[in-house]
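Enquirer: Encoded as structure tokens, here's the structure I'll be asking about.
The values are calculated or read from the model by the stated rules, or taken from the named source; none is laboratory data. As the structure is a computational prediction, the values presented were derived from the model and not from experiment. Using ideal geometry, Cβ is built from the backbone for each residue, glycine included, and neighbour counts are taken over all protein chains shown.
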Amino acid sequence: MALPNLKQTATEARLSTLSMPSVGCLTEARQAALSRVQTLGLPGRRDEYWKYTRPDTLVQAEAPGAVVFQHDEAPMFDGFDRLKIVFVDGVFDPEASDDLKLEGVQIDRLADIADQDIHWIKDLYGVLEARGQSPVARPLAALNTAFAHDGVAIRVTGKPSKPINLIYVHKSEKSDVMLHHVIRVETGAEATILENGPAASRLNKCIEIDVADNAALHLICAQGRDHERRAASHMFARLGKESVFKSFTLTVNGVLTRNESVVELLGDDAVVHLAGACVGDGDFHHDDTVFITHDAVNCESRQVFKKVLRNGATGVFQGKILVKDKAQKTDGYQISQALMLDDDSQFLAKPELEIYADDVACSHGSTSGAIDDEALFYLRSRGVPHNEATDLLTLAFLAEAVEEIADQDIAASIVDRLENWLIRRH
């Protein structure tokens, strides 16, 4: 079926600004992704899945103007012993990065290995993204698969002694970045991956993750305190038997951020925890969109998303848990909450459950509201200044999401950074 004229025109305009890497073992996957984009068209306001978020600046042909970034604080995760992989304006920077050799993990730059026939990468690149196009189309993710020029391929074979830190640096006045990472955690292996940095004035990022049987992956992303950023991040994961995948995302400001997570639990006794905390001010718009599929017995999924909104900021949560008929003994939990610090901000939520199995324990909830007056009065009556009392209650509200981080030192660093951000807004 032909695309509507406006969608066709917008899609063609965007494609005309992009160039696909022309050689390599990923060519077939890239061509297939381009075909998906041409068939689906880029998202528009009439698409149900984009009902609460305007995709205009994410799909327009030209990238938005220069971004105002905050450089008055140390980079996130400074002080931690970690292997640093640095991308400057979307391109790997070997001078700023550490040696990519670390026991228990193989790390390669995607651009360097594209001309090699490495089967595990071919079996993953674009594969999970393509699976994630049903039942909901995700053309921005397909656009990334087709045109991303850089990224890393990480194959975890053991238990690395320190986290791997993907660091994104923005230097150009105006940049339009696409990054694509593929991560494979082999049977019995375990790793922690950190992400941080502003990346670009417009970012389209995709991560495909395969967690094998009895393996574990912890992914922690900090989207920093910058203002004019537009970002669309896509994460696709599949989990094997008795595997564990835990993800946490921190977002502060940014004109438009949309984080999409698509997870398939394909092996019995698999566990996934997805959590996010965001603090938004003014024209901030933040969208968490999640789709979890239970397709095996005795699996657990947990979603905890908290948003703090003020001065007219907007928060969106769309979350769905699909339990297939064979996924008996499923334990699915989903909660999304917003703390509204004024009457002008808004929180839009669409939680969903679709269950075809009989023996399950699934729940979802979504709430929004102001700071508890009684709790605020209690703190004020004990001499705590109003701003400090508000900050304490705000941190307590966000705590449930931050507590999903398994590494207590990293969790503490996230709390410290949140405290600094909250203090600086006064």
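Enquirer: If I go through the stretch 105-138 residue by residue, how many of them are more than 22 Å from the chain's Cα centre (by Cα), β-branched (V, I, T) and assigned to a helix (DSSP H, G or I)?
Expert: 1
Enquirer: Here is a follow-up. Any residue in the stretch 2-26 that is exposed (fewer than 12 other Cβ atoms within 10 Å of the Cβ) and modelled with pLDDT of 85 or more sitting within a Cβ distance under 8 Å of a residue that is of a type outside the set (K, R) and part of a loop (DSSP other than H, G, I, E, B)? List the pairs, counting only those 6 or more apart or interchain.
Expert: S16/A61
Enquirer: With the condition kept exactly as written, say whether any residue in the stretch 265-276 is among the charged types (D, E, K, R) and either within 12 Å of the chain's Cα centre (by Cα) or in a strand (DSSP E or B) (or both).
Expert: No, there is no match, as no residue in the stretch 265-276 is among the charged types (D, E, K, R) and either within 12 Å of the chain's Cα centre (by Cα) or in a strand (DSSP E or B) (or both).
Enquirer: What is the residue count in the stretch 180-198 for residues that are modelled with pLDDT under 95 and in contact with an Asp or Glu (Cβ under 9 Å, 6 or more places away or on another chain)?
Expert: Going through the stretch 180-198 one residue at a time, the tally reaches 1.
Enquirer: Residue check, I371 against (1) part of a helix (DSSP H, G or I); (2) surrounded by 12 or more Cβ atoms within 10 Å (Cβ to Cβ), all met but one. Which one?
Expert: So I371 meets the others, but not (1).
Enquirer: Still on this structure, I have one more. Taking the residues in the stretch 217-245 that are in contact (Cβ under 8 Å) with a residue 60 or more places away in the chain, of a type outside the set (A, V, I, L, M) and over 25 Å from L422 (Cβ atoms) as candidates, determine which candidate is surrounded by the fewest Cβ atoms within 10 Å (Cβ to Cβ).
Expert: Only one residue tops the list, namely H218.
Enquirer: When the stretch 374-384 is examined, which residues are found to be exposed (fewer than 11 other Cβ atoms within 10 Å of the Cβ) and not in a helix (DSSP H, G or I)?
Expert: R382, G383
Enquirer: Filter the stretch 239-265 down to the residues that are over 15 Å from G276 (Cα atoms) and charged (D, E, K, R) and list them by number.
Expert: Hits for the stretch 239-265 are K241, E242, E264.
Matching residues to (1) of a type in the set (A, V, I, L, M, F, W, C); (2) over 20 Å from T249 (Cα atoms); (3) in contact with a strand residue (DSSP E or B) (Cβ under 7 Å, 6 or more places away or on another chain); (4) at pLDDT 95 or above:
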site	(1), (2), (3), (4)
L376	yes, yes, no, no
L379	yes, yes, no, no
R382	no, yes, no, no
P385	no, yes, no, no
E388	no, yes, no, no
A399	yes, no, no, no
V402	yes, no, yes, yes
A406	yes, no, yes, no
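Enquirer: Test of understanding: among D416, D358, which residue is assigned to a helix (DSSP H, G or I) and not hydrophobic (A, V, I, L, M, F, W, C)?
Expert: D416
Enquirer: Under the condition of being within 23 Å of the chain's Cα centre (by Cα) and free of Cβ contacts under 8 Å to residues at least 60 places away in the same chain, which residue from the stretch 341-353 is surrounded by the fewest Cβ atoms within 10 Å (Cβ to Cβ)?
Expert: The extreme case among them is E352.
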